[in-house]
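These notes are about the structure you will find just below.
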Amino acid sequence: MRKLLLASALMITVSSCQSQNFGNILKQANDVLGGSTSGALTTEEIGRGLKEALTVGIKNSSSQASALDGYLGNQTIKLLFPPEAQKVEQKLRDIGLGKECDKFITALNRGAEKAAEKAVPVFVDAITQMTIQDALGILRGDKDAATNYLKRTSSVALTNAFAPIMQDAINSTGATKLYGDIANTYNKIPFQQKINPDLQQYATQKAIDGLFLLVAQEEQKIRDNPTARVSDLLKRVFGTK
């Protein structure tokens, strides 16, 4: 066990050169693993701190995304026509059907906002299963290491949770029928590249991508901005040098 602790300490020490914002926490982790106990962070505190940071981040992200215009009003995550249908959109706008295109885009984004409400339990489940090895890997990783951990551990569950909600939302707004009619009509035109009439798959993936982008932004805030650390544990774990 002692050798394992020393090996972990050595790995943390080496990584401190690559993670300037975590210099203090890595030094303290190194101290405790090397035998010093005075004021040093324990590995258990590191794990709890990272879990708390992730929980704060995903709750903020989900709240932001699920608010009215959470997707529609955020140009970085707003859902638009699928790439293969953008030529179709332009033709519709050219013939005076811009309002119909806007209604379709609004319907897509309202579905994403509704689906985002269901994200927190899925993320929390992934966070609960985080091991100390996962936590140390996040500390040694890039500024989006925590977000990437959530992508690896929760993307499938998020897709399963989002898909039926997104389908119900775009069905109720008429987006599914509108897009299906557009796609099927366009696909009948000779010598044109076919477009996929399956709107749910596209909308679900784009909604999840947008949510992860917000989570990454929250992660960066907690890492870099002391005012984003809303508890004593977060202040201790993510303390500046």
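Considering each of Lys99, Lys51, Lys103, Lys87 in turn, give the residue that is among the basic types (Lys, Arg), in contact with a helix residue (DSSP H, G or I) (Cβ under 6 Å, 6 or more places away or on another chain) and not in a loop (DSSP other than H, G, I, E, B).
Details: Lys99 fails: in contact with a helix residue (DSSP H, G or I) (Cβ under 6 Å, 6 or more places away or on another chain); Lys103 fails: in contact with a helix residue (DSSP H, G or I) (Cβ under 6 Å, 6 or more places away or on another chain); Lys87 fails: in contact with a helix residue (DSSP H, G or I) (Cβ under 6 Å, 6 or more places away or on another chain).
Result: Lys51 is the single residue among Lys99, Lys51, Lys103, Lys87 that is among the basic types (Lys, Arg), in contact with a helix residue (DSSP H, G or I) (Cβ under 6 Å, 6 or more places away or on another chain) and not in a loop (DSSP other than H, G, I, E, B).
Only one residue in Ala67, Ala9 is among the small types (Gly, Ala, Ser) and modelled with pLDDT of 50 or more, so which one is that? Before the answer, list the steps.
On the way: Ala9 fails: modelled with pLDDT of 50 or more.
Ala67 is the lone residue from the list that is among the small types (Gly, Ala, Ser) and modelled with pLDDT of 50 or more.
When the residues of region 66-105 are filtered to those that are in contact (Cβ under 8 Å) with a residue 40 or more places away in the chain and polar (S, T, N, Q), which remaining residue is farthest from Asn187 (Cα to Cα)?
Among those that are in contact (Cβ under 8 Å) with a residue 40 or more places away in the chain and polar (S, T, N, Q), it is Ser66.
Could you tell me which of the residues Asp181, Asp142 is among the charged types (D, E, K, R), exposed (fewer than 15 other Cβ atoms within 10 Å of the Cβ) and closer than 27 Å to Glu89 by Cβ? Working first, answer last.
Details: Asp142 fails: closer than 27 Å to Glu89 by Cβ.
That would be Asp181, the only listed residue that is among the charged types (D, E, K, R), exposed (fewer than 15 other Cβ atoms within 10 Å of the Cβ) and closer than 27 Å to Glu89 by Cβ.
When the residues of region 184-194 are filtered to those that are touching a helix residue (DSSP H, G or I) at 6+ places or on another chain (Cβ under 9 Å) and either in a helix (DSSP H, G or I) or of a type in the set (Asp, Glu) (or both), which remaining residue is surrounded by the fewest Cβ atoms within 10 Å (Cβ to Cβ)? Walk me through it before giving the result.
Residues of region 184-194 that are touching a helix residue (DSSP H, G or I) at 6+ places or on another chain (Cβ under 9 Å), as a first pass: 185-186, 192-194.
Subset that is either in a helix (DSSP H, G or I) or of a type in the set (Asp, Glu) (or both): 185-186.
On the way: Thr185: 10, Tyr186: 18.
Filtering region 184-194 for residues that are touching a helix residue (DSSP H, G or I) at 6+ places or on another chain (Cβ under 9 Å) and either in a helix (DSSP H, G or I) or of a type in the set (Asp, Glu) (or both), the one surrounded by the fewest Cβ atoms within 10 Å (Cβ to Cβ) comes out as Thr185.
Which of (1) small (Gly, Ala, Ser); (2) in contact (Cβ under 8 Å) with a residue 12 or more places away in the chain; (3) surrounded by fewer than 18 Cβ atoms within 10 Å (Cβ to Cβ) is the odd one out, the single condition Ser154 does not satisfy?
Checking Ser154 against (1) small (Gly, Ala, Ser); (2) in contact (Cβ under 8 Å) with a residue 12 or more places away in the chain; (3) surrounded by fewer than 18 Cβ atoms within 10 Å (Cβ to Cβ), the one that fails is (3).
Of the residues that sit in region 66-105 and are of a type in the set (Lys, Arg) and more than 25 Å from Leu214 (Cα to Cα), which one is surrounded by the fewest Cβ atoms within 10 Å (Cβ to Cβ)? Walk me through it before giving the result.
Within region 66-105, the subset of a type in the set (Lys, Arg) is 78, 87, 91, 93, 99, 103.
Then drop every residue that is not more than 25 Å from Leu214 (Cα to Cα), which leaves 87, 91, 93, 99.
Working: Lys87: 14, Lys91: 12, Arg93: 14, Lys99: 10.
The residue in question is Lys99.
Please specify each residue of region 195-209 satisfying the condition of being assigned to a helix (DSSP H, G or I) and either of a type in the set (A, V, I, L, M) or surrounded by fewer than 23 Cβ atoms within 10 Å (Cβ to Cβ) (or both).
At the first step, the residues of region 195-209 found to be assigned to a helix (DSSP H, G or I) are 199-209.
Result: Leu199, Gln200, Gln201, Tyr202, Ala203, Gln205, Lys206, Ala207, Ile208, Asp209.
The values are calculated or read from the model by the stated rules, or taken from the named source; none is laboratory data. These numbers come from a predicted model, not from an experiment. Here Cβ is always computed from backbone atoms with ideal geometry, including for glycine, and neighbour counts include all displayed protein chains.
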